[in-house]
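Readers should treat all values here as calculations from the given coordinates under stated rules, not as data from a laboratory. Since the structure is predicted, the reported quantities are computational estimates derived from the model, not experimental observations. A quick note on method: Cβ atoms are made from the backbone with ideal geometry, for glycine too, and the neighbour counts reach across all protein chains shown.
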Amino acid sequence: MAAGHNFILDLMTVLGASALGGYLAKQLRQPVLLGYLASGLVVGPFGLKLLSEANQIEALAEIGVALLLFALGVEFSIAEFKRVKDIALKGSLLQIGLTIVLVTLLATLTGWVEGLTQGIFLGAILSLSSTAVVLKSLTERGETNTLHGQVMLAILIAQDLALGLMLAILPTLDQPTNIGGALAGALLKVLLFGVAAVAAGRWLVPRVIESVAKTESSELFLLTVIALCLGVALITDRLGLSIEMGAFVAGLMISEIDYADQALAKILPLRDTFASLFFASIGMLIDPLTILQNFSLILGLVTVVMLGKATIILPIVLKFGYSFKTAFITSFGLNQIGEFSFVLALVAFNEGLIEREKYLLLLGTTAITLVLTPVWLKFSPRLADELTNLPGLRNYLRRFRETKALSIPETICDHVVVAGYGRVGQVVVNILQNQGYAVLVIDNSEAAIQRLRTQRIPYLFGDADSEMVLEKAHLEKAKALAIALPDPVSTRLLLKRALEFAPELDVVVRCHHNNEIDVLTQLGAQEVVQPEFEAALEIGSHLLTTLGENPSLTQSVINAIRANRYLSIRPERATSVLQHDLNQTASEFHRDWLTVETDSPLQGITLAAADIRNLTGVTVMAIQRDGQTLYYPKPQTVVNVGDRLLVVGEPEELVAFRDLMTDRARVGEGCSHWVTLTESSTLAGLHPIDIQHQYHVVIQAVRRQGKLYNAVDDVLELQPKDYLLLRGECDRVEQVAKLAS
């Protein structure tokens with residue numbers, strides 16, 4: 001009984017510490033995963049030593065890994081996997097092989113290992129990445145369905161499959177005659193398990209799940225799903241394969257049946273709970289004393305491992321035809337050492353292939369790489385964009401950003417661009433086509449592109465937030481843009497860049513969470529649609545009509561709620577939450593806080609009158625005034641002297657905004673209008689000063705291929721496809737607009 005009480009106390013300690021660590025991580029605007037890792041370090045054997053039954057906690061932690069992979073299997077799409085199958089099979093094999101070869105050579109030449117056997121073992125250990133940590137990080141960031149997310153998960157699943165072969169072959173390296181038998185035995189196990197899994201998934205599991213579901217007992221359904229997950233994971237473990245592989249296959253078994261969504265909904269709370277135990281158990285392995293005593297060595301190992309793996313993975317992903325940004329994010333998302341490398345390291349230690357000191361160094365290095373993974377994933381998209389904008393690298397990396405395929409009519413214009421061809425995107429395209437509108441779809445899913453080809457719908461294959469893709473979408477000729485992407489970060493980036501190419505473009509965005517509504521509206525979306533709120537509004541509209549309310553009055557009420565960003569039906573958000581959301585969004589762009597001085601042309605006028613986005617491209621995200629912060633200020637907000645404005649945008653846009661704050665001539669009366677300079681326009685070849693003299697209209701800004709030119713230099717020669725911001729008397733602006741087109 002005492003032992004049972006100790007275990008309960010340990011479980012409560014770890015869960016409580018994980019909750020506290022996760023909370024603190026959230027408050028510091030970091031992934032909760034880091035909080036879980038830190039909590040394990042604090043309560044573990046190298047911290048406060050609060051646990052007496054750590055082994056039992058580690059056993060429960062394995063359940064967390066199994067549930068993580070089971071949920072991934074349930075959500076996994078075979079159709080989506082087909083487009084990454086080449087890199088999953090060939091790419092992962094190439095990555096593992098190159099890592100083993102290079103590590104063996106480097107470790108042998110430097111004397112870190114003795115003989116090829118130790119070098120190969122070390123290479124195998126370093127070749128694996130962490131499925132659990134990467135999957136958790138991608139889930140937190142809402143990126144499991146992105147292209148880089150699917151490439152990472154495909155490679156990770158292949159690595160988990162390779163683990164079983166490694167466990168079978170590596171211990172026999174000292175007995176070459178046994179290698180063939182070990183390899184044949186391992187392959188036979190994989191083959192037999194695969195056949196059994198396919199048979200069970202087709203004929204046995206669906207019938208069992210259906211029978212249990214008919215009982216309408218939630219408890220029985222949940223127990224059956226858990227038993228299936230852990231049972232298959234246990235089978236693969238006994239076969240010498242990985243637990244992760246078994247749990248993933250168990251998820252695949254029910255992914256195609258009608259009850260998959262229900263199973264996923266039931267398992268998610270348990271998954272998150274046990275996953276926190278797993279990440280805490282990883283933290284327990286971190287020995288601060290060992291790290292401090294060997295700090296420089298471990299720091300060097302971490303640097304070599306993470307940069308080395310990234311250097312190996314980056315060209316492999318590029319070789320398979322992905323964009324530089326996708327390859328960069330993938331390479332820095334998979335450059336850690338995996339949790340199942342602990343298993344290989346322990347085997348090597350028991351076989352006498354790794355000394356105790358080196359074993360402890362490997363544990364410390366592995367733990368640190370796992371801790372750094374969420375940080376790399378957070379900053380790698382921004383870093384990739386920075387690299388592609390460097391003068392020396394821009395032209396070279398530009399060729400890796402070309403779209404993979406496109407089908408666009410030569411004369412396309414007055415079209416609607418739809419970004420994302422999932423369930424929402426397909427409905428939008430169907431509605432538009434039924435009404436006779438031209439559409440252009442952007443998607444990076446091969447399955448989606450195949451459907452578009454079959455239906456003869458114009459498309460671009462690539463990342464919708466890529467500048468190269470947007471250049472080919474002819475946004476300057478489009479009537480509107482509908483964004484229905486699965487990734488919130490890509491949604492925000494696409495919105496910002498689309499308005500750089502076409503500042504007056506009407507953009508409607510599907511958002512994923514309530515906290516995105518204000519951000520997307522502030523960044524320039526004309527309409528932000530929240531599916532849950534829209535469902536509630538339709539239900540409310542139907543009920544009001546049924547109760548006898550005037551239909552036109554009902555519609556006006558619904559429209560008012562939409563126009564006010566759903567504020568009247570949204571739960572009130574705390575200031576700390578607003579600040580967190582704002583900081584997270586602002587960190588994705590270049591940003592600056594600037595103070596409105598006494599002589600600034602902005603003082604005393606509204607944001608709408610200042611026309612800041614049109615003139616400079618930046619977005620005002622917040623205003624600090626008298627010790628208070630006004631988040632997401634509305635267009636009618638008046639700017640006062642002493643206000644501090646938080647603005648986000650590209651570097652040249654921030655420079656333009658600083659100029660605007662000191663140049664009174666930029667803020668003027670009259671009409672302003674963006675126009676596109678066509679090939680046949682008589683204005684092509686002229687300079688801004690020529691147009692000002694002839695037509696008394698000022699060109700306040702020029703956008704060329706999305707890049708802002710502001711202030712406009714009088715020696716700038718206007719070219720076809722330039723996007724011009726005209727300001728002056730309304731009739732004169734209209735006259736020049738006609739000449740431009």
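The table that follows gives values for the structure above.
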{"quantity": "Size of charge dipole - the chain - debye, nearest 20, with Cβ of Lys, Arg +1 and Asp, Glu -1, no other charges", "calculated": "1000"}
{"quantity": "Sequence-distant lysines (8 or more away, or on other chains) whose Cα lies within less than 25 Å of Lys319", "calculated": "Lys82, Lys85, Lys90, Lys309, Lys378, Lys404, Lys472"}
{"quantity": "Asn430 paired with Thr682, simple spin-label distance in nm, labels 7 Å along Cα-to-beta-carbon", "calculated": "5.0"}
{"quantity": "FRET efficiency for Lys214 and Asp414, using Cβ-Cβ distance with R0 set to 45 Å, rounded to 0.05", "calculated": "0.25"}
{"quantity": "Most to least packed among 530-542, 315-327 [average Cβ atoms within 10 Å]", "calculated": "315-327, 530-542"}
{"quantity": "Segment 212-230 and segment 285-346: distance between their alpha carbon centers, rounded to Å", "calculated": "39"}
{"quantity": "At least 27 Å along the helix axis (C-alpha) and Kyte average at least 0.0, DSSP helices within the chain", "calculated": "2-27, 54-75, 147-169, 176-199, 218-238, 260-284, 295-319, 356-388"}
{"quantity": "Translational diffusion coefficient (Stokes-Einstein; Kirkwood radius from C-alpha pairs) of the chain at 20 °C, 1.002 mPa s, in µm²/s", "calculated": "74"}
{"quantity": "Straight-distance crosslink candidates among lysines, where the alpha carbon sits under 26 Å from Lys214 and sequence neighbours closer than 8 are dropped", "calculated": "Lys266"}
{"quantity": "Gain upon complete extension [Arg732, Asp626; 0.36 nm per residue less C-alpha separation]", "calculated": "34.0 nm"}
{"quantity": "Hz values of 3J(HN,Hα) by residue in segment 466-482 - Karplus curve (6.51, -1.76, 1.60), Gly and Pro given as x", "calculated": "7, 4, 5, 5, 5, 4, 7, 7, 6, 4, 5, 9, 7, 7, 6, 10, 10"}
{"quantity": "All lysines inside 21 Å of Lys479 as judged from Cα atoms, apart from same-chain residues fewer than 8 positions distant", "calculated": "Lys496, Lys707, Lys721, Lys738"}
{"quantity": "Tensor-based shape of segment 574-668 (alpha-carbon gyration tensor, a/c under 1.5 rounded, otherwise prolate or oblate)", "calculated": "oblate"}
{"quantity": "Additional length obtainable on full extension of the chain from Asp599 to Ser741, 0.36 nm per residue less Cα span", "calculated": "47.3 nm"}
{"quantity": "Table column - 3J(HN,Hα) (Hz), segment 698-704, Karplus curve with 6.51, -1.76, 1.60, x for Gly and Pro", "calculated": "9, 8, 8, 7, 10, 10, 10"}
{"quantity": "Dipole of the chain, positive end: most advanced residue of Ile431, Gln628, Trp112 [Cβ charges, Cα centre]", "calculated": "Trp112"}
{"quantity": "Segments 427-438, 377-388, 631-642 sorted - mean Cβ within 10 Å per residue, highest first", "calculated": "377-388, 631-642, 427-438"}
{"quantity": "Distance (nanometres) between label positions extended 7 Å along Cα→Cβ at Leu89 and Val304", "calculated": "3.5"}
{"quantity": "Efficiency of FRET between Trp112 and Arg704 - r from beta-carbon atoms, R0 60 angstrom, step 0.05", "calculated": "0.65"}
{"quantity": "Rough spin-label spacing in nm, given labels placed 7 Å along Cα→Cβ, for Glu532 and Leu24", "calculated": "3.0"}
{"quantity": "Long-range HN-HN contacts of Val529 with modeled amide H, under 5 Å", "calculated": "Val509, Arg510, Cys511"}
{"quantity": "The chain: relative contact order in percent, alpha carbon pairs under 8 Å with at least 6 residues between", "calculated": "10"}
{"quantity": "Separation between Cα centres of segment 363-391 and segment 574-618, rounded to whole Å", "calculated": "28"}
{"quantity": "Net lengthening on full extension, Ser552/Phe379 (0.36 nm per residue, minus Cα-Cα)", "calculated": "57.4 nm"}
{"quantity": "Glu140-Leu390 FRET efficiency (beta carbon distance; Förster radius 22 Å; 0.05 resolution)", "calculated": "0.15"}
{"quantity": "Footprinting exposure proxy for His590, His696, His415 (fewest neighbouring C-beta atoms within 10 Å first)", "calculated": "His696, His590, His415"}
{"quantity": "Free-standing Cys residues across the chain, given no other cysteine C-beta under 4.7 angstrom", "calculated": "Cys229, Cys413, Cys511"}
